Structures are given as structure tokens and as C-alpha cells.
Amino acid sequence: MRQDTKMPTEAKEFAIGNASPAFGDLAHPGAAVSIRGLRHFYGSLETIEGFDMECPPHRVLGLVGPSGCGKTTLLETICGLQEPAAGNVEVGGALDPRGRLARCAFMPQRDMLLPWLSALDNSALALRNRGTGRKKARKEAGQLFERFGLAGFERALPAELSGGMRQRVAFLRTLVSGKPVLALDEPFASLDAITRSEMQAWLAGALATDPRTVLLVTHDVEEALYLSDEVAVLSARPLRVVDKMSAPTPRAPDRDAAVTDPSFVAVRERATTSLRGAAG
Amino acid sequence: MRRWLLPTLFLAGLIAVWQIAATTGVIADALNLEPYLVPSPSEVATSLWDSRSLLAENAWVTLQEMLFGLCIGLIVGVSFAVAMHLSSGVREATYPLLVISQTIPIVVIAPILVLWLGYGIWPKLVVVALICFFPVAVNTLDGLRSVDRETTKMMRTLDASRGQILWRVEAPGALPYFFSGARIAATIAPIGAVFGEWVGADSGLGHLILQDNAQLETARVFAATAVLSAIALSLFGLLALAERRIVTWR
Ligand SMILES: Nc1ncnc2c1ncn2[C@@H]1O[C@H](COP(=O)(O)OP(=O)(O)OP(=O)(O)O)[C@@H](O)[C@H]1O
Ligand SMILES: [Mg+2]
């Protein structure tokens, strides 16, 4: 069952004020990610040994794998920050690293907010990099603060924000780039369990209003299955896909009900077993 | 409060001990010297007051040498750091030369500079700049390179050019490093100025110290040195203040 047309309740909240920015509403064209026979090495260290994956436009692909298996390397290679040793990586029709870089926005494992810029200026970085004036960039990014539950914190420095808020600013910064593909590297790993499940529901809502192709790396099976349309379980290094599964109710409006549903629990058990096998 | 109180008390204590040692003649006896060669702090203070216009005149000359020399040193240091950061070729080619430039004693360079540049302010500026640029260049380069590679990657996917990464990420990240280099530079600037004056000058605190030493005006040597330290201390303080104003996120 697809949920694409239903808007989660969260999403309605996020849409208040109808502050629709110039980028990233439902009209966003979207880009597919397609990977064939990808291999990657750091010197003689083999990190990725053959990886094949398809992610259609506006879908979320979850990638779960044990620690140190090469998830970050995989995302960086897809984004065009690293070159594969073999294989094809195609993002929205582009095969070259520059073309991929132009279509992907990378949200690193740690939030990497610039400590000398306010939350607003951090979130507007991509606009400023493209030559938008400071005032205009602030106005454009600022329109999203309310929807992201950050209203009133525009001028706060990162050091003055809570972990959850920092993560939201980091995500906002990624989204404001207007790129069709978002590569999220363990976006909620640093948060406590409660904040984390809140943030998952929040991200589900944000993606419903602003659909993008998302590559979501996590080592949390439940997070992957709740947020993604499809989940790939990855092996320990060198990385390959050991199992693939479709999520039963991607980004369902009621997260708590969704993750305790028997169909969800069954898939989660299967994924956990595969992951355990993969970790060895 | 405590920040000022402790060093002030400590300094006052030292001066008091010195006063007692000098007036009772302990130091002069121990070193087998004439007592007037070991001035007490009160004699230095008297000399400071009596020669105030002479000291001020010469201090003004030395202050200019230190200030402009330091500014040139900061500009050159930062330029070297940025060039070495942007190009590994430049870095490999110039880093050894920078180190070598610091191993040549100032006493050797200063006379040559006077030969080339004359008796005016220029040789002093060059000497001050030459010793000041090094800590600035080395520290700033470290700062520019201290940026997390993940931040650079994030910026690249946000369409940042090399120049934008330098300006938005690396330069602010390097600021605290730059300031620690600049503070070191401020404390060694007087060394450059005094050496520059010793080789050839007709004014300046270094020139005055040399003359007074020859004429056994020991009290005024100490007075001039105190003024020199005060100038360096003020430069240091100004830089610390600027850092606190600019680097507000730490
Ligand atoms: N720049 C590098 N040079 C050499 N080896 C590296 C480099 N970056 C990562 N590695 C190694 O490659 C392997 C995969 O690293 P990667 O960071 O992609 O794993 P990960 O799955 O993201 O790990 P984690 O779960 O800790 O985030 C690790 O063994 C790591 O030590
Ligand atoms: Mg990682």
C-alpha cells in the first residue's frame, strides 16, 4: 500500500501559513538514483564490493548496516564526493561526479553547523553559496523556520540550540539547497530515544510536504523501516546488500501505531535477523 | 577582578623585594659592583618621571616601528598562510624557507638592512615584520587546515566554490589560531625594534637604552625598558580585546 497521496497529520501542521518557498513543493521534479556494480577502495582497503540499487524519484531508500561497514563512503560516492573504483552511479541522469554533486545534498553524520553563524545563516548557506544576497537568503530560509519548529531561534548560535534543534537546522540547511536528492547520514544517531522518535515523525511530515529522493543511512532498523519505502540491509565491510525489503507503512501519520503493527514487527524481525547475520 | 589582582600583587611583591635588596646593597655586594649600578625601583620611578619627555619622544618612535612592523608582519603572515593553504606546491616550496628565515640571527640581518635601507624607519620595520610574520603564518596555516573534512564535503554539496569554503568556513575557523600567532608576534615585536635601533638609529627606546648603558645611566635603562614592556603589553591587550570582540562563538 502506497501512502504517497495521503498527507500525514504532522505535515498539515508544517504547512501552516502556506509559506511555500520557491523550491521544494510538490512540484519538485525529483531524480532517480541508480547504482550498478559499484566498488570502492581506500588504497588497498576494500570498502564496497559490488552494490546494486535503484531508488525512484521521491522515494526514500533506507540503508542499514553495522558500524564501520562503509555507509558514509557509499553516500559520499553517490553524492560525487568520492570516485568509485568500478561501476556506474547515476543521479537524475548524471553519471559524472560534478553532475552528481549538483543534484545531491549531503547531511553529514554530525550536524556540522558553523559555530559562528546563526541558525538562520547556517540554514541559508546553500543560497548564499549560489550568490543570493544575505537579506534575500535569510528571508527565504526564514520562511521555513516556523514549519520546522524553530521559530524564535533564527538568531541563536548553534551552541545555544538543543540537540534536536541543531539536527533540524542541519536538515533545513540540506533541504534549502533545493537539491532533488538528499543523502542523510545517520541524521538522528546523536539524539536520545524520545527526541529521536519525535524527529522521525517530524521528518516524515517534512517529506510529505516537500518530497525528495532520500537516501537514509542509519543503524536503527525501526527508523529505516518507518521512514523508508524500501530498506536494504548491508553487510559488514566490504559492503554489499544482504537483504532487501519493502516497508509496510512508509511514514505513516501515527508513528507509534505504525511501528507496533504486527506487519511492521514481522518485517523488523526479519531485518534485525539479517543485520545480525551481516554483522557476523 | 582576580585576573588583575593576582599579577598586580605578585609584581608589587617582586618590586618590594628588589627595593629592599637594592637599598640595602645586597645585590651590589654579591656581584661586587658599585651600588649606583643597581638602581632601586624608587630610583627607576624617579628617572621615569624626570626623563618623561625624553622617554615619551623616544617611545613614540619605537611605538611606530613596532606597530607598523607588526601590521606588515600580520599581513605578510596571513598572505603566506593563505597561499600555502591553497597550493601544496607553494607550501612545499616555501615552508623550509620560512623556517630558515627564522634561524638567521637578527643581529646579522639588521646591519645589512641598515646598509641597504638607511637610517630611517624602514630597516626597523623590516626587522620587526621579519620576526612577527612567522608565528602568524604558522598558526594561521594550522588554523586553516584544522577544518573538519566533513564540513568541507557538506559545503561542496551545498554548491560552495573553493573561495567560498575559504571565506565562510576556513577563515573563521582559523581566526582563533591567527590571534594566538598575533599575540606571540606582539610580544616579540620590541626585540625587533630594539635590535633595529641598535644597529643604526638616532632616536627610539632601543637607541636610548644603548646610550644610557654606555653612560652608566642604569636607572634610565630600566625606565626605558619598563616603557618598552608597557607598549608590548598594551599591544597584547589590544589583540586579546579584538579577539574577544571578534571570536564571539567560543
Ligand atoms: N578517508 C579514509 N581513508 C581510509 N580509510 C577510511 C577513510 N574513511 C573511512 N575509512 C575506513 O573505511 C571503512 C568504512 O568507513 P565508513 O565511514 O564509510 O563506515 P560507516 O559505515 O559510515 O561507519 P559508521 O557506522 O561508524 O559511521 C572503515 O573501516 C573506515 O576505517
Ligand atoms: Mg558513517
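The values are calculated or read from the model by the stated rules, or taken from the named source; none is laboratory data. All figures in this text were calculated on a predicted structure; none of them were measured in a lab. With ideal geometry, Cβ positions are generated from the backbone for all residues, glycine too; neighbour counts draw on all protein chains shown.
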Please find, within segment B:120-152, the residue that is surrounded by the most Cβ atoms within 10 Å (Cβ to Cβ) out of those that are free of Cβ contacts under 8 Å to residues at least 24 places away in the same chain and within 14 Å of chain A (Cβ to nearest Cβ).
B:T151
Would it be correct to say that B:I75 is aliphatic (A, V, I, L, M), surrounded by fewer than 22 Cβ atoms within 10 Å (Cβ to Cβ) and without any contact (Cβ under 8 Å) to a residue 40 or more places away in the chain?
yes
Unique match (being away from every other protein chain (no Cβ under 14 Å), over 30 Å from A:F145 (Cβ atoms), within 16 Å of ligand 2 (Cβ to nearest atom) and surrounded by fewer than 21 Cβ atoms within 10 Å (Cβ to Cβ)) among A:A236, A:A232:
A:A236
Of the numbered conditions (1) part of a helix (DSSP H, G or I); (2) over 21 Å from A:V214 (Cβ atoms); (3) within 13 Å of ligand 1 (Cβ to nearest atom); (4) not aliphatic (A, V, I, L, M), A:R98 satisfies every one except a single condition; which is it?
(3)
Could you go through segment A:190-207 and let me know if any residue there is within 14 Å of chain B (Cβ to nearest Cβ) and more than 16 Å from ligand 1 (Cβ to nearest atom).
no
Lone unmet requirement of (1) within 16 Å of ligand 2 (Cβ to nearest atom); (2) in a strand (DSSP E or B) for A:A105
(1)
Which one of B:G196, B:G192, B:G204 is on the phi > 0 side of the Ramachandran plot, in contact with a helix residue (DSSP H, G or I) (Cβ under 8 Å, 6 or more places away or on another chain), in contact (Cβ under 8 Å) with a residue 40 or more places away in the chain and not basic (K, R)?
B:G204
Given (1) within 14 Å of chain A (Cβ to nearest Cβ); (2) under 20 Å from B:L74 (Cβ atoms); (3) of a type in the set (A, V, I, L, M, F, W, C), index of the condition B:A182 fails:
(1)
Inter-residue pairs, beta-carbon under 9 Å, first on the phi > 0 side of the Ramachandran plot and touching a residue at least 40 places away in the same chain (Cβ under 8 Å) and in segment A:236-255, second small (G, A, S) and assigned to a loop (DSSP other than H, G, I, E, B), 6+ apart
A:R251/A:S228
Looking for something touching a strand residue (DSSP E or B) at 6+ places or on another chain (Cβ under 6 Å) and within 16 Å of ligand 1 (Cβ to nearest atom) - is there at least one such residue anywhere in segment A:108-117?
yes
Every residue from segment B:98-107 that is free of Cβ contacts under 8 Å to residues at least 60 places away in the same chain and either surrounded by 10 or more Cβ atoms within 10 Å (Cβ to Cβ) or in contact with an Asp or Glu (Cβ under 6 Å, 6 or more places away or on another chain) (or both):
B:L98, B:V99, B:S101, B:Q102, B:I104
Of all the residues that make up segment B:21-47, how many are assigned to a helix (DSSP H, G or I) and modelled with pLDDT under 90?
12
So, in segment A:100-109, exactly how many residues are within 13 Å of the chain's Cα centre (by Cα), of a type outside the set (G, A, S) and either at the interface with chain B (Cβ under 7 Å from one of its Cβ atoms) or surrounded by fewer than 21 Cβ atoms within 10 Å (Cβ to Cβ) (or both)?
4
Going through segment B:199-222 one residue at a time, which ones are surrounded by fewer than 19 Cβ atoms within 10 Å (Cβ to Cβ) and among the aliphatic types (A, V, I, L, M)?
B:L210, B:A214, B:L216
For residues in segment A:58-84 being away from chain B (no Cβ under 14 Å) and β-branched (V, I, T), which is nearest to ligand 2 (Cβ to nearest atom)?
A:V64
Scanning segment A:139-166 residue by residue, those assigned to a helix (DSSP H, G or I) and either more than 14 Å from chain B (Cβ to nearest Cβ) or among the acidic types (D, E) (or both) turn out to be A:K139, A:E140, A:G142, A:E160, A:G163, A:G164, A:M165
Considering residues that are among the charged types (D, E, K, R) and surrounded by fewer than 24 Cβ atoms within 10 Å (Cβ to Cβ), the number found within segment A:163-181 is 1
Those residues of segment B:197-213 which are in a helix (DSSP H, G or I) and under 19 Å from B:A230 (Cβ atoms) amount to B:E197, B:L205, B:G206, B:H207, B:L208, B:I209, B:D212
Report, by residue number, each residue of segment A:110-130 that is crowded, with 24+ Cβ neighbours inside 10 Å and at the interface with chain B (Cβ under 7 Å from one of its Cβ atoms).
A:L125, A:A126
Could you please find all residues in segment A:182-219 being acidic (D, E), in a loop (DSSP other than H, G, I, E, B) and modelled with pLDDT under 90?
A:D192, A:D210
If you go through segment B:156-170 one residue at a time, how many are more than 7 Å from chain A (Cβ to nearest Cβ) and of a type in the set (A, V, I, L, M, F, W, C)?
3
